[in-house]
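Remarks on the structure that follows.
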Amino acid sequence: MLEKHGSDKAIHNYHPIYASILDQPNKITAVLEVGLGTNNTDVFSNMGKGGKPGASLSAFKEFLPNARIYGAATDRRILFQDGMIKTFWVDQTDPSTFELLGRDIGGQLDLIIDDGLHAPNANLTVLLFPLEWLKPGGRLIIEDIMPDSLPVWHLVSSLPPPAFENHRIVSANNAYLFCVRKDA
Amino acid sequence: MRSLKNIIKRTPSLFRIARAIKQTSSTALKNALYSKYNGVISELRIFAPTPSGSVRARFDLTLLSAKQVIPLLGELVKASRPQPSGRVVTVAEFCDELARKG
């Protein structure tokens, strides 16, 4: 389904993780993905002109019939709304914009995915966000961590907030993921 | 200066030489900057984003990441422990602590 909508999550072998986390699709009510995948080549971390912004959101929309699907991106030109999908602007290098994002969403989330700027500072900003906005038992997945940045994640793993449990650094195709669950 | 420009414009051989100098220096400057950006990204690779986008944008984000990561880790520590072990205490507090714990 991810491939059908043009998402690269299956290419990186992330799909088994999402299949496990979302094994009861009807019970999921809210998902947020940071980073929609811009196709504007003047924006950093773009997917090229052929990229399809919000591809993963479309896949989640099809897979999760009862969920509100939220997206957030730095490139205002690619924001859109489509039925249960709603997208917002956020600057991953400015934590204060996440407070606005939380207020815009206005409810707690089952799953937060960081597929945005793919830099450690941007990832850490997203990591601090779910303390308030993730449901108990909800999960945060940080995608596309580069091997060179692993020392940051070893450090993060040694000091997770008490509300987080079962945090793992996961090796996938050519990149790593950081996965964490909020205490139920 | 204007008269020099006019002389160069009106003399085809001088114009060709001036244009070649301008192009060469522009390319050399671009190459030097490209090399500098890549050098910094390589040295600070722990903070660098994934290799996509322009080198200049990657350079900027790498520097911003280097600036922000430690303070953000500090925020994470604050969220993790009500009293982080790196808490600053006064001399009096420290002496009280020593007296209590020996």
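What follows is calculated from the coordinates using simple rules that are stated; it is not laboratory data. The structure presented is a predicted model; accordingly, all values stated were derived computationally and were not measured. Ideal geometry is used to build each Cβ from the backbone, glycine not excepted, and the neighbour counts take in all protein chains shown.
Expressed as a whole percent, how much of the Cα-Cα distance distribution for region B:2-101 exceeds 18 Å?
71 percent
Loop-only trypsin sites (Lys or Arg not before Pro) in region A:38-121, please: DSSP not H, G, I, E or B, and at most 16 other Cβ atoms within 10 Å.
Listed in order of number, the matching sites are A:49.
Take each of the peptides B:15-25, A:16-26, A:50-60, A:146-156, average the number of other beta-carbon atoms within 10 Å over its residues, and list them starting from the highest.
Answer by packing, highest mean first, reads A:50-60, A:146-156, A:16-26, B:15-25.
Determine, from the Cβ-Cβ distance of residue A:132 and residue A:62 and an R0 of 25 Å, the FRET efficiency 1/(1 + (r/R0)^6), rounded to the nearest 0.05.
0.30
Give me the percent relative contact order of chain B, please, defined on Cα pairs under 8 angstrom at least 6 residues apart.
14 percent
To one decimal place, what Kirkwood hydrodynamic radius in Å is obtained for chain A from all pairs of distinct Cα atoms?
After inverting the pairwise mean of 1/r, the radius is 16.3 Å.
So for chain B, taking the charge dipole from beta-carbon charges (+1 Lys/Arg, -1 Asp/Glu), which of B:99, B:62, B:73 sits furthest toward the positive end?
My answer, from the dipole projection, is B:62.
Find which of A:150, A:133, A:89 sits farthest along the positive direction of the dipole of region A:85-184, computed with +1 on the beta-carbon of Lys and Arg, -1 on that of Asp and Glu, about the Cα centre.
A:133
Mind listing which GluC sites (Glu not before Pro) in region A:1-87 are in a DSSP loop and have 15 or fewer other Cβ atoms within 10 Å?
Passing both the DSSP loop test and the Cβ count: A:3.
Charges only on Cβ, +1 for Lys and Arg, -1 for Asp and Glu: so what's the dipole of region A:55-184 about the Cα centre, in debye to the nearest 20?
About 300 debye.
Would you mind telling me the antiparallel percentage of the DSSP bridges in the protein assembly as shown, rounded to 5?
Within the protein assembly as shown, antiparallel bridges account for around 40 percent of the total.
What residue among A:107, A:36, A:55 has its Cα farthest toward the positive end of the dipole of region A:1-108, where the charges are +1 on Lys, Arg and -1 on Asp, Glu, each on the Cβ?
With unit charges placed on the Cβ atoms, the residue in question is A:55.
To the nearest 20 Debye, how big is the dipole of chain B about its Cα centre, given +1 on the beta carbon of each Lys and Arg and -1 on that of each Asp and Glu?
My answer is approximately 1180 debye.
Count, for each residue of A:119-132, the Cβ atoms from other chains sitting within 10 Å of its Cβ, then give me the mean as a whole number.
Mean partner-chain Cβ count within 10 Å for A:119-132: 5.
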